[in-house]
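> Following this message is one structure expressed as structure tokens.
The values are calculated or read from the model by the stated rules, or taken from the named source; none is laboratory data. Note that the coordinates shown come from a computational prediction; the quantities given were computed from them, not determined experimentally. FYI the Cβ positions are ideal-geometry reconstructions off the backbone, even for glycines, and counts take in every protein chain you see.
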């Protein structure tokens, strides 16, 4: 049972025994409950020493709840309920009810919150208090009866924010079936190898535990044995890979060892590091509750500084976040290896000194630039007295090395240290453990090198190989009995495991299955194409269901979320219910609410085209466009115009009514609104979105509601401080999270979905630690698994990593991924691959040659019942002529072209010093473009325009003004060189595509030695594929037709000084012309599908409205 479900059951049980009715207000309810528990409530002054600075405190010995005087009645009731929760749920002393430091709010700290006794108890007491003052079931019923959040808050005297949270949980999460009275599952007796491992004492110990062999049970048995021997729980440290694993460990220990286990410290490496830094914050030079900076926030800290750090290789003036994403990956990897900034810089300098080729010089220069950013970033963290994720492990480890007293203090704190999933920790984590245990006599670790999946996070199965070197007196044993899978399945993945690259140090792959033969061998299905593969997958899922394997006992595992998204759509099109969130910010209901948020801060108001289409508003697209255009002309924000729709005579009656209703729902909102509160109020106070869009009882309807609940949680975790308004910060942070793929935690399904009967779809990484009756592994073609090895954009300097991790390490991890996927299956394992993809032959994954499975014919295939998604549009006419830039935009993303060129929407305006500096240079470039035919280029005039723009930007007052000025001055010098002289003719050309005129523009045409030279001026750095673009093809065609075949085209990149000639091979030119013809025909036909891109979408102005709802 989920531990928080047990907490809610306890709260409702107390309500029942205290005879609290659904109409009893919270202050009355908590006093009745306190009386029932024999507790007295004693108010004290805020500075009374008995409170120890807390708002509320349970004095268990004297059966008293101390509470601060003069608290608001509803808040006081929740504080009292919190302390009652401690009395019901826990034993021992309590920490008291403290409010979190405001600087953190729900910051990234939430992701790594310590699962030690204090934090776990506080989280449980908070959940108890919320459920006690307002049970989820009661909140759900009152809302269904028509009450809004404020009505519930007033009638039951519950804090408004608590009501919103209980409504979000009660309405957006499925109701779990009642489990009161169910006994905990029986705990089987350990086998000999489990008992031997649990009873080991006296030397460092590594337990190799293959899939399904009971490693967690053995770990729990060991802890229980230590507790029986009299080892205090507080002297035991159990480090796990994830918060989920830590919680599972705590729950199992509670069942096995009871309340004696409550003081055990269990949690992730990061949470242990955070706990250590908090306890000894003065030693680490940070605040008492330090701010934890994640990658997205780190980028926000550094964006303005990057262009001023005198970088060459990693300078991206227009989008610093892209360069910073790669640089912070390198810095994170450095911290994984305990490499300080000083050592990093030294290694980079040594690389440069030893370089003997141009490539080696460039690699050394890149490493030196990372060192520059590393140094500045560390200075920023110190100034903020903050830490990042890497620091949570690095700082305690290095402090124990450098400070003998601190090291001895930490080593004396724990008599026994246990580590789960040892193969998935990074080198810094391994060294943290070593500092904690010294020679290791009290160390016990468990892992399986064949299940190492997290190399991208710096983890390495090599830690298994290094164990004997790190602990020379160490011993090793194995668990060899598999309790999960049938013999046929065990035989399949162990055969693969024997030949894996990690086999040299992973130990024997052999496992003995504990279950009898079932007679169903694993199978692979080879299908003609991807569509046939999905037909077979759906058919097999339904066939297994008929055999008695419920949908919820089946899973589809894949290497990537992109594959899972396609599988989810294909299965739903065949009426197979699936449970899959996927990338949260791509979901339609989430985009709806983000578009709504964007209305508060984006002056253009483009979000209205999506929000206006909500069922309760039903604003015609034409009316949304009229309002947006009126806002543009009058320079009034769309948000403000919503309050004045009665003044617009051009609106239709239906549109005016819908806009009026939307204005009422946004009446209390403003740019300073807290994002999660705004969304929650919209859902549970103002609108009927829950009753319309989020209605329905199918698994896909449940997933829509869960996605919205996950969004609310994500918005609660946004930092409370930073640049810009809270809503702007939240939306910008979401863009960063998408760009950085930093939203993985939000894809996890809450435990409330465990009983829904739908097929679970998840990545193989997410399936770690889980098991299913049936496992389906589709898309096993070459290129999918093993995936292509993409070396890091910022490789580590030579000498930082003491073991080369190239192609072999990548291949080894990909083998582990397939091994883990196959070993999740209990009774049925089904593999799939298409023999063709996109009309071309598709080779099988090369791993399949080592997987002993027979090819089975696919029977009972299920065809699509709904067609693939389309994007019909109501208004598609584009009467204006097209330009080369239009064709390029359409090729990049037809949907973006639709928003920008057809609907005429404006996007959000990004801010930042880097863009302001970019704009100053653009002012001078525009002067070049606007020169009359044969006009002289005037440097002084260009300088004057630039100076005006610079002054207006306010950049002179920026902390990095000198760096920015140096950068843009160099760009201006290159502009002068490229534009100087007399123009030979206009830089405007016309060509035709499919008999349609296409305008083509360059920036300058100057006389060359033999023929004219056409110049393009670009303020960025450019990329190698610039000359392959459709706009380049059209420019080549137009220039050749106008100036002759001898004319030359070149592009000048002002940021780097590079000059590239625009040229294409004949074959490429012909292909690009055909692409241009197809693009023109598609534009005129009104075909504007979205082109999803992990790179482009987060940077698109129309991210939150795309794809817009169908408008036919």
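> Which is surrounded by 21 or more Cβ atoms within 10 Å (Cβ to Cβ), modelled with pLDDT of 85 or more and farther than 19 Å from residue 680 by Cα, of 759, 706?
Values: 706 fails: farther than 19 Å from residue 680 by Cα.
Exactly one residue qualifies, and that residue is 759.
> Okay, next question. Against the definition (buried (at least 18 other Cβ atoms within 10 Å of the Cβ), without any contact (Cβ under 8 Å) to a residue 24 or more places away in the chain and over 30 Å from residue 766 (Cα atoms)), how does residue 636 come out, yes or no? It would help to see each step written out before you state the result.
Values: buried (at least 18 other Cβ atoms within 10 Å of the Cβ): no; without any contact (Cβ under 8 Å) to a residue 24 or more places away in the chain: yes; over 30 Å from residue 766 (Cα atoms): yes.
No: the conditions fail for residue 636.
> Taking segment 373-397 as the region of interest, how many residues are surrounded by fewer than 18 Cβ atoms within 10 Å (Cβ to Cβ), touching a residue at least 24 places away in the same chain (Cβ under 8 Å) and in a helix (DSSP H, G or I)? Don't jump to the end; show me each part of the working.
As a first pass, look at segment 373-397 and keep what is surrounded by fewer than 18 Cβ atoms within 10 Å (Cβ to Cβ): 375-376, 378-380, 382-385.
Now restrict to residues that are touching a residue at least 24 places away in the same chain (Cβ under 8 Å): 375-376, 378, 380, 382, 384-385.
After this cut, where a residue has to be in a helix (DSSP H, G or I) as well, the list is 375-376, 378, 380, 382, 384.
Summing the residues that are surrounded by fewer than 18 Cβ atoms within 10 Å (Cβ to Cβ), touching a residue at least 24 places away in the same chain (Cβ under 8 Å) and in a helix (DSSP H, G or I) in segment 373-397 gives 6.
> State which residue is surrounded by the most Cβ atoms within 10 Å (Cβ to Cβ) when the search covers only segment 993-1009 and only residues that are touching a strand residue (DSSP E or B) at 6+ places or on another chain (Cβ under 9 Å) and not in a strand (DSSP E or B). Before you say what the answer is, go through the steps one by one.
Looking only at segment 993-1009, we keep the residues that are touching a strand residue (DSSP E or B) at 6+ places or on another chain (Cβ under 9 Å), and these are 993, 996-1008.
Filter again for not in a strand (DSSP E or B), leaving 1002-1003, 1007-1008.
On the way: 1002: 23, 1003: 21, 1007: 13, 1008: 14.
Going through the qualifying residues, I end up with 1002.
> Residues that are touching a residue at least 40 places away in the same chain (Cβ under 8 Å), surrounded by fewer than 22 Cβ atoms within 10 Å (Cβ to Cβ) and closer than 29 Å to residue 745 by Cβ: does segment 215-222 have at least one?
Pass one, segment 215-222, residues touching a residue at least 40 places away in the same chain (Cβ under 8 Å): 215-216, 218-219, 222.
Checking the rest, the ones that are also surrounded by fewer than 22 Cβ atoms within 10 Å (Cβ to Cβ) come to 216.
Now narrow it down to the ones that are closer than 29 Å to residue 745 by Cβ: 216.
Checked segment 215-222: at least one residue is touching a residue at least 40 places away in the same chain (Cβ under 8 Å), surrounded by fewer than 22 Cβ atoms within 10 Å (Cβ to Cβ) and closer than 29 Å to residue 745 by Cβ.
> Here's a follow-up. Out of the residues in segment 1010-1026 that are assigned to a loop (DSSP other than H, G, I, E, B) and closer than 18 Å to residue 979 by Cβ, which is modelled with the highest pLDDT? Write out each step before concluding.
The first filter runs over segment 1010-1026 and keeps only residues assigned to a loop (DSSP other than H, G, I, E, B), leaving 1010-1012, 1019-1025.
Narrowing the set further to residues that are closer than 18 Å to residue 979 by Cβ leaves 1012, 1019-1020, 1022.
On the way: 1012: 87, 1019: 82, 1020: 78, 1022: 79.
So the residue we want is 1012.
> Applying the selection to segment 247-283, what residues are surrounded by fewer than 20 Cβ atoms within 10 Å (Cβ to Cβ), modelled with pLDDT of 80 or more and part of a helix (DSSP H, G or I)?
Hits for segment 247-283 are 278, 279, 281, 282, 283.
> Do any residues in segment 809-825 that are outside the structural domain of residue 846 (by TED's automatic domain parsing) and in contact (Cβ under 8 Å) with a residue 40 or more places away in the chain have Cβ atoms under 8 Å from those of residues that are buried (at least 24 other Cβ atoms within 10 Å of the Cβ) and in a helix (DSSP H, G or I), where the two are at least six apart or on different chains, and which pairs are they?
Close Cβ pairs satisfying both conditions: none exist.
Here is a yes/no grid of residues against (1) under 27 Å from residue 961 (Cα atoms); (2) in a helix (DSSP H, G or I); (3) modelled with pLDDT of 85 or more:
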{"position": "299", "(1), (2), (3)": "yes, yes, no"}
{"position": "307", "(1), (2), (3)": "yes, yes, no"}
{"position": "310", "(1), (2), (3)": "yes, no, no"}
{"position": "315", "(1), (2), (3)": "yes, no, no"}
{"position": "322", "(1), (2), (3)": "yes, yes, no"}
{"position": "327", "(1), (2), (3)": "yes, yes, yes"}
{"position": "331", "(1), (2), (3)": "yes, yes, yes"}
{"position": "334", "(1), (2), (3)": "no, yes, yes"}
{"position": "338", "(1), (2), (3)": "no, no, yes"}
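> Given the residues 164, 227, 219, 147, which is the only one that is assigned by TED's automatic domain parsing to the domain that holds residue 80, modelled with pLDDT of 90 or more and assigned to a helix (DSSP H, G or I)?
The conditions single out 164.
> Kindly indicate whether residue 706 is in a helix (DSSP H, G or I) and within 22 Å of residue 154 (Cβ to Cβ). Don't jump to the end; show me each part of the working.
Numbers: in a helix (DSSP H, G or I): yes; within 22 Å of residue 154 (Cβ to Cβ): no.
The answer is no for residue 706.
> Go over the candidates 1029, 974, 985, 1048 one by one and state the one that is modelled with pLDDT under 90, surrounded by fewer than 22 Cβ atoms within 10 Å (Cβ to Cβ) and assigned by TED's automatic domain parsing to the domain that holds residue 926.
Working: 1029 fails: modelled with pLDDT under 90; 974 fails: modelled with pLDDT under 90; 1048 fails: modelled with pLDDT under 90.
Exactly one residue qualifies, and that residue is 985.
> Working carefully through the options 569, 535, 550, 589, find the one that is touching a residue at least 12 places away in the same chain (Cβ under 8 Å), in the same structural domain as residue 699 (by TED's automatic domain parsing) and surrounded by fewer than 22 Cβ atoms within 10 Å (Cβ to Cβ).
Working: 569 fails: in the same structural domain as residue 699 (by TED's automatic domain parsing); 535 fails: in the same structural domain as residue 699 (by TED's automatic domain parsing); 550 fails: in the same structural domain as residue 699 (by TED's automatic domain parsing).
Step by step, each of 569, 535, 550, 589 is checked, and only 589 is touching a residue at least 12 places away in the same chain (Cβ under 8 Å), in the same structural domain as residue 699 (by TED's automatic domain parsing) and surrounded by fewer than 22 Cβ atoms within 10 Å (Cβ to Cβ).
> Filter segment 126-136 for residues that are over 31 Å from the mean Cα position of the chain (by Cα) and part of a helix (DSSP H, G or I); which is nearest to residue 4 (Cα to Cα)?
Checked segment 126-136; the qualifying residue nearest to residue 4 (Cα to Cα) is 132.
> Taking the conditions exactly as written (over 23 Å from residue 246 (Cβ atoms) and out of contact with any strand residue (DSSP E or B) (no Cβ under 8 Å at 6 or more places or on another chain)), does residue 744 satisfy them or not? Talk me through it step by step, then tell me what you get.
On the way: over 23 Å from residue 246 (Cβ atoms): no; out of contact with any strand residue (DSSP E or B) (no Cβ under 8 Å at 6 or more places or on another chain): yes.
Judged against the criteria, residue 744 is not a match.
> Follow-up. Considering 828, 850, which residue is modelled with pLDDT of 95 or more, touching a helix residue (DSSP H, G or I) at 6+ places or on another chain (Cβ under 9 Å) and more than 30 Å from residue 577 (Cα to Cα)?
On the way: 828 fails: more than 30 Å from residue 577 (Cα to Cα).
Answer to the selection: 850.
> Could you check segment 592-628 and list, in sequence order, the residues that are part of a helix (DSSP H, G or I) and surrounded by fewer than 16 Cβ atoms within 10 Å (Cβ to Cβ)? Don't jump to the end; show me each part of the working.
Filtering segment 592-628 down to residues part of a helix (DSSP H, G or I) leaves 592-598, 608-611, 621-628.
The one that is part of a helix (DSSP H, G or I) and surrounded by fewer than 16 Cβ atoms within 10 Å (Cβ to Cβ): 622.
Each row is one residue, and each column tells you yes or no for (1) part of a helix (DSSP H, G or I); (2) in contact with a helix residue (DSSP H, G or I) (Cβ under 8 Å, 6 or more places away or on another chain); (3) within 30 Å of residue 639 (Cα to Cα).
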residue: 924; (1), (2), (3): yes, yes, no
residue: 927; (1), (2), (3): yes, yes, no
residue: 949; (1), (2), (3): yes, yes, yes
residue: 967; (1), (2), (3): yes, yes, no
residue: 991; (1), (2), (3): no, yes, no
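> Continuing with the same structure: Filter segment 421-441 down to the residues that are crowded, with 24+ Cβ neighbours inside 10 Å and assigned to a loop (DSSP other than H, G, I, E, B) and list them by number.
421, 425
> Need the failing condition index for residue 574 against (1) out of contact with any helix residue (DSSP H, G or I) (no Cβ under 6 Å at 6 or more places or on another chain); (2) surrounded by fewer than 23 Cβ atoms within 10 Å (Cβ to Cβ), just the number.
(1)
> If you don't mind, another one. I need a count of the residues in segment 1060-1083 that are touching a residue at least 40 places away in the same chain (Cβ under 8 Å) and touching a strand residue (DSSP E or B) at 6+ places or on another chain (Cβ under 6 Å). I'd like the intermediate steps shown before the answer.
Of segment 1060-1083, the ones touching a residue at least 40 places away in the same chain (Cβ under 8 Å) are 1062, 1068, 1072-1073, 1075-1077, 1079-1083.
Add one more test, that the residue is touching a strand residue (DSSP E or B) at 6+ places or on another chain (Cβ under 6 Å), and what stays is 1062, 1076-1077, 1080.
So the answer is 4.
> Please count how many residues of segment 460-511 are buried (at least 23 other Cβ atoms within 10 Å of the Cβ) and not in a helix (DSSP H, G or I).
Result for segment 460-511: 8.
> I've got another one for you. Got a number for residues in segment 553-571 being out of contact with any helix residue (DSSP H, G or I) (no Cβ under 7 Å at 6 or more places or on another chain) and farther than 21 Å from residue 701 by Cα?
Matching residues across segment 553-571 total 3.
> Can you report the number of residues in segment 634-677 which are farther than 25 Å from residue 729 by Cα, within 39 Å of the chain's Cα centre (by Cα) and part of a loop (DSSP other than H, G, I, E, B)?
Number of matching residues: 0.
> Where residues in segment 678-702 are outside any loop (DSSP other than H, G, I, E, B) and out of contact with any helix residue (DSSP H, G or I) (no Cβ under 8 Å at 6 or more places or on another chain), which of them is nearest to residue 144 (Cα to Cα)?
Taking segment 678-702 first, the residues outside any loop (DSSP other than H, G, I, E, B) are 678-686, 689-692, 699-702.
Subset that is out of contact with any helix residue (DSSP H, G or I) (no Cβ under 8 Å at 6 or more places or on another chain): 691-692, 699, 701.
Details: 691: 9, 692: 13, 699: 20, 701: 17 Å.
So, considering only residues that are outside any loop (DSSP other than H, G, I, E, B) and out of contact with any helix residue (DSSP H, G or I) (no Cβ under 8 Å at 6 or more places or on another chain), the one nearest to residue 144 (Cα to Cα) is 691.
> On to the next question. Given the conditions (1) closer than 21 Å to residue 896 by Cβ; (2) not in a loop (DSSP other than H, G, I, E, B), and given that residue 1040 satisfies all but one, which numbered condition is not satisfied?
All conditions pass for residue 1040, except number (1).
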